[in-house]
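Novice: Before I ask anything, let me first share the structure, which is written out below as structure tokens.
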Ligand SMILES: [Zn+2]
């Protein structure tokens, strides 16, 4: 029987009950997470309550790691493996003392382990779990990569010159213990844990440039010396199951990756450039938290409409927006919501981004003739209830999908247009008869993604008059807006994470009549005004600016300056 000190302390101060502790310990056995983490995740206590209790009861000092990146020399005193194993990070050191940030200062095993490796006195400090993760990333982030690069260069200079570069690269890349493997893994891990959607490996005139896209914006991760370029690319191509010797034609590959117990799917593609192959990795987390309707940013009113649209047995729902506006995430959210044993749900996708269990997902393959239109016809012969079509790109697909929607199927799809009217214009343009659109379409969800202000460095500021004017806001009514000043938590960008901004048009009987009667736009606008249920995206993003969720600039960039499609 393991005696748990943290649990006992929390019971003694009255924060949790014995039953709650027993429940949390049972959860902990299953998830292997730390007890404090389990209690927070299960909403038994907040992290602040936990920190306050430990601070007051133990007299341990709190350290805010949002503004603190530990000095590099500390990495040598506490190895990364120890820090990761116990979830601790050294934050400062004096002659014979290390100050150790911990989320559980009662974890004596951790203190003993650090004491043993560093041979110094340990003073525990308390910090948030997130603060510790950030400090760890700051302290150890590129450490593995740097060490691996040094080793690779040493090996290279020792290798005989006569050996062909390709052979060396391929051999080194196939050896699992090689520093190349460690370098490549640390690059992918860094991207995965920093929340990158893509990692770009770009050969240039000088070094190999490694960048990642986080919350829609690119940032540099590191540079790898040019002489290691071939080895790094070979290793990645082996991981992705690509042909290592072929460097002149674009290739695609796939692989899985696990970082800190989180599983990722990697989709890789290469492109021959004048300086060598450029490789891009798209990272997709399996079972990512994005797939719940409560988390995509729907307002109360939009949620009502969203549920209305997906609860109908037939008809089409279109999700529209420019590239990178989160259309496919919203579609997966719907698929997840609709997935049940009682229905036959089939998807046609290009590419299949997430594997969802319990449904049939079909990958489009133009080369073998499996097109959207052809696939859709085959699916209709397989008794489907719900069909999700990744994207409507052509007239034939649009026609078949619309007919399926009219004949008793719920059809979900996306279209690359700006808003509801642009969508109707496009459908008419590609030759779908207005009366078919009127009969098939239940609603159009237009969406954008805006970056959220980082909560760790958010501050209020006075907006300029022209700023407010550009959002259609009155200066007298808006004393302040918000922005992030930049901190380690957000890598200095002032933003952390994104949220969807939606506008949902549900086709009423009157709107259907207006569409089938020749699609008169003025008439439709008048009906929408009269019905009074449509909330434009601009209103919603103004609310987000005033509530301090996002900035004026971000609102302008994504919603007001619509951008060319
Ligand atoms: Zn920040």
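The values are calculated or read from the model by the stated rules, or taken from the named source; none is laboratory data. Since this is a predicted model, take the numbers as computed values, not measurements. All Cβ positions, glycine included, derive from the backbone under ideal geometry; neighbour counts span all protein chains shown.
Novice: Can you go through 360, 378 and tell me which one is under 18 Å from residue 401 (Cα atoms), in contact with a strand residue (DSSP E or B) (Cβ under 6 Å, 6 or more places away or on another chain) and either outside the structural domain of residue 314 (by TED's automatic domain parsing) or surrounded by fewer than 17 Cβ atoms within 10 Å (Cβ to Cβ) (or both)? Explain how you work it out, then say what you get.
Specialist: Working: 378 fails: in contact with a strand residue (DSSP E or B) (Cβ under 6 Å, 6 or more places away or on another chain).
Residue meeting the stated conditions: 360.
Novice: Identify the single condition in (1) surrounded by fewer than 16 Cβ atoms within 10 Å (Cβ to Cβ); (2) under 21 Å from residue 256 (Cβ atoms); (3) free of Cβ contacts under 8 Å to residues at least 60 places away in the same chain that residue 351 does not satisfy, given that it satisfies every other one.
Specialist: Unmet condition: (3).
So that you can scan it fast, the table gives a plain yes or no per residue for (1) under 30 Å from residue 527 (Cα atoms); (2) outside any strand (DSSP E or B):
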position	(1), (2)
357	no, yes
399	yes, yes
403	yes, yes
427	yes, yes
447	yes, no
451	no, no
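Novice: Let me ask another. Please state which one of 533, 521 is more than 16 Å from the ligand (Cβ to nearest atom), modelled with pLDDT under 95 and closer than 26 Å to residue 333 by Cβ. Break it down into steps so the answer makes sense when it comes.
Specialist: Numbers: 521 fails: closer than 26 Å to residue 333 by Cβ.
So the residue among 533, 521 that is more than 16 Å from the ligand (Cβ to nearest atom), modelled with pLDDT under 95 and closer than 26 Å to residue 333 by Cβ is 533.
Novice: Additional query: Could you pull out the residue among 548, 497 that is touching a strand residue (DSSP E or B) at 6+ places or on another chain (Cβ under 8 Å), touching a residue at least 40 places away in the same chain (Cβ under 8 Å) and farther than 26 Å from residue 469 by Cβ?
Specialist: Details: 548 fails: farther than 26 Å from residue 469 by Cβ.
The unique qualifying residue is 497.
Novice: What are the residues in region 274-298 that are assigned to a loop (DSSP other than H, G, I, E, B) and surrounded by fewer than 17 Cβ atoms within 10 Å (Cβ to Cβ), if any? Working first, answer last.
Specialist: Start the filter on region 274-298 by keeping residues that are assigned to a loop (DSSP other than H, G, I, E, B), which leaves 274-275, 286-288, 292, 296-298.
Once the filter is applied, which keeps residues that are assigned to a loop (DSSP other than H, G, I, E, B) and surrounded by fewer than 17 Cβ atoms within 10 Å (Cβ to Cβ), region 274-298 yields 274, 275, 286, 287, 288, 292.
Novice: Here's a follow-up. Tell me, which residue of region 476-494 that is farther than 30 Å from residue 195 by Cβ and in a helix (DSSP H, G or I) is nearest to the ligand (Cβ to nearest atom)? Don't jump to the end; show me each part of the working.
Specialist: So in region 476-494, the residues farther than 30 Å from residue 195 by Cβ come out as 476-479.
Cutting the leftovers down to in a helix (DSSP H, G or I) gives us 476-477.
Values: 476: 30, 477: 28 Å.
My answer is 477.
Novice: Of all residues in region 68-103 being surrounded by fewer than 14 Cβ atoms within 10 Å (Cβ to Cβ) and free of Cβ contacts under 8 Å to residues at least 24 places away in the same chain, which is farthest from the ligand (Cβ to nearest atom)?
Specialist: 95
Novice: Go through (1) out of contact with any strand residue (DSSP E or B) (no Cβ under 6 Å at 6 or more places or on another chain); (2) farther than 19 Å from residue 433 by Cβ one by one and return the number of the condition residue 386 breaks.
Specialist: All conditions pass for residue 386, except number (1).
Novice: Could you list, in sequence order, all residues of region 465-520 that are closer than 16 Å to residue 560 by Cα and buried (at least 21 other Cβ atoms within 10 Å of the Cβ)?
Specialist: The answer is 500, 501, 502, 503.
Novice: Quick one: would you say residue 538 is within 16 Å of the ligand (Cβ to nearest atom) and touching a helix residue (DSSP H, G or I) at 6+ places or on another chain (Cβ under 7 Å)?
Specialist: Values: within 16 Å of the ligand (Cβ to nearest atom): no; touching a helix residue (DSSP H, G or I) at 6+ places or on another chain (Cβ under 7 Å): yes.
Answer is no for this residue.
Novice: Let me ask something additional. Being in a helix (DSSP H, G or I) and under 33 Å from the mean Cα position of the chain (by Cα) is the filter here; which residues of region 405-425 pass it?
Specialist: Filtering region 405-425 down to residues in a helix (DSSP H, G or I) leaves 405-406, 420-425.
Scanning region 405-425 gives 405, 420, 421, 422, 423, 424, 425.
Novice: So, of the residues in region 451-475 that are in contact with a helix residue (DSSP H, G or I) (Cβ under 7 Å, 6 or more places away or on another chain) and within 16 Å of the ligand (Cβ to nearest atom), which turns out to be nearest to residue 416 (Cα to Cα)?
Specialist: 451
Novice: If a residue counts only when it is modelled with pLDDT under 90 and out of contact with any strand residue (DSSP E or B) (no Cβ under 7 Å at 6 or more places or on another chain), which helices (runs of 4 or more DSSP H) contained entirely in region 150-265 have at least 1 such residues?
Specialist: Numbers: elements: 165-174, 179-193, 229-239.
The qualifying helices (runs of 4 or more DSSP H) are 165-174, 179-193.
Novice: Name the residue that is nearest to the chain's Cα centre (by Cα), counting only residues in region 525-545 that are assigned to a helix (DSSP H, G or I) and free of Cβ contacts under 8 Å to residues at least 40 places away in the same chain. Talk me through it step by step, then tell me what you get.
Specialist: Here is the first cut: in region 525-545, the ones assigned to a helix (DSSP H, G or I) are 525-531, 537-545.
This time we only want the ones that are free of Cβ contacts under 8 Å to residues at least 40 places away in the same chain, so: 525-531, 539.
On the way: 525: 36, 526: 39, 527: 38, 528: 35, 529: 36, 530: 39, 531: 36, 539: 25 Å.
If we take residues in region 525-545 being assigned to a helix (DSSP H, G or I) and free of Cβ contacts under 8 Å to residues at least 40 places away in the same chain, then 539 is nearest to the chain's Cα centre (by Cα).
Novice: Looking at region 3-24, which of its residues are over 23 Å from residue 84 (Cβ atoms) and part of a helix (DSSP H, G or I)?
Specialist: Going residue by residue through region 3-24, those that are over 23 Å from residue 84 (Cβ atoms) are 3, 7-23.
Those that are over 23 Å from residue 84 (Cβ atoms) and part of a helix (DSSP H, G or I): 7, 8, 9, 10, 11, 12, 18, 19, 20, 21, 22, 23.
Novice: Report yes if residue 387 is crowded, with 16+ Cβ neighbours inside 10 Å, touching a helix residue (DSSP H, G or I) at 6+ places or on another chain (Cβ under 9 Å) and modelled with pLDDT of 95 or more, otherwise no. Spell out the reasoning first.
Specialist: Values: crowded, with 16+ Cβ neighbours inside 10 Å: yes; touching a helix residue (DSSP H, G or I) at 6+ places or on another chain (Cβ under 9 Å): yes; modelled with pLDDT of 95 or more: yes.
Yes; evaluated as a whole, the condition is true for this residue.
Novice: How about region 110-143: which of its residues are under 13 Å from residue 488 (Cβ atoms) and modelled with pLDDT under 80?
Specialist: The answer is 130, 134, 137, 138, 141.
Novice: Restricted to region 53-67, and to residues that are crowded, with 16+ Cβ neighbours inside 10 Å and more than 16 Å from the ligand (Cβ to nearest atom), which residue is nearest to the chain's Cα centre (by Cα)? Quick ask: steps written out before the conclusion?
Specialist: Step one: list which residues in region 53-67 are crowded, with 16+ Cβ neighbours inside 10 Å, which gives 53-54, 60, 63, 65-66.
Add one more test, that the residue is more than 16 Å from the ligand (Cβ to nearest atom), and what stays is 53-54, 60, 63.
Values: 53: 33, 54: 33, 60: 35, 63: 28 Å.
Out of the qualifying residues, it is 63.
Novice: If I ask for residues that are touching a residue at least 24 places away in the same chain (Cβ under 8 Å) and in contact with a helix residue (DSSP H, G or I) (Cβ under 6 Å, 6 or more places away or on another chain), which ones from region 16-39 would you list?
Specialist: Selection gives 16, 35, 36, 39.
Novice: Next question, about the same structure. Among the candidates 430, 436, 406, single out the residue that is closer than 30 Å to residue 332 by Cβ, assigned by TED's automatic domain parsing to the domain that holds residue 526 and touching a residue at least 40 places away in the same chain (Cβ under 8 Å). Reasoning before the result, please.
Specialist: On the way: 430 fails: touching a residue at least 40 places away in the same chain (Cβ under 8 Å); 436 fails: touching a residue at least 40 places away in the same chain (Cβ under 8 Å).
Going through 430, 436, 406 in turn, the sole match is 406.
Novice: Within the bounds of region 433-441, is there any residue that is away from the ligand (no atom under 16 Å from the Cβ), in a strand (DSSP E or B) and at pLDDT 95 or above? Explain how you work it out, then say what you get.
Specialist: Initially, region 433-441 is screened for residues away from the ligand (no atom under 16 Å from the Cβ), giving 433-441.
From what is left, the residues that are in a strand (DSSP E or B) are 441.
Within this subset, residues satisfying the condition of being at pLDDT 95 or above are 441.
Yes.
Novice: Which of the numbered conditions does residue 38 fail, given that it passes all the others? Conditions: (1) outside any helix (DSSP H, G or I); (2) on the phi < 0 side of the Ramachandran plot.
Specialist: The one condition residue 38 does not meet is (1).
Novice: With the structure loaded, tell me whether residue 506 is away from the ligand (no atom under 16 Å from the Cβ) and in contact with a strand residue (DSSP E or B) (Cβ under 7 Å, 6 or more places away or on another chain) or whether it fails that test. Write out each step before concluding.
Specialist: Numbers: away from the ligand (no atom under 16 Å from the Cβ): yes; in contact with a strand residue (DSSP E or B) (Cβ under 7 Å, 6 or more places away or on another chain): yes.
Judged against the criteria, residue 506 is a match.
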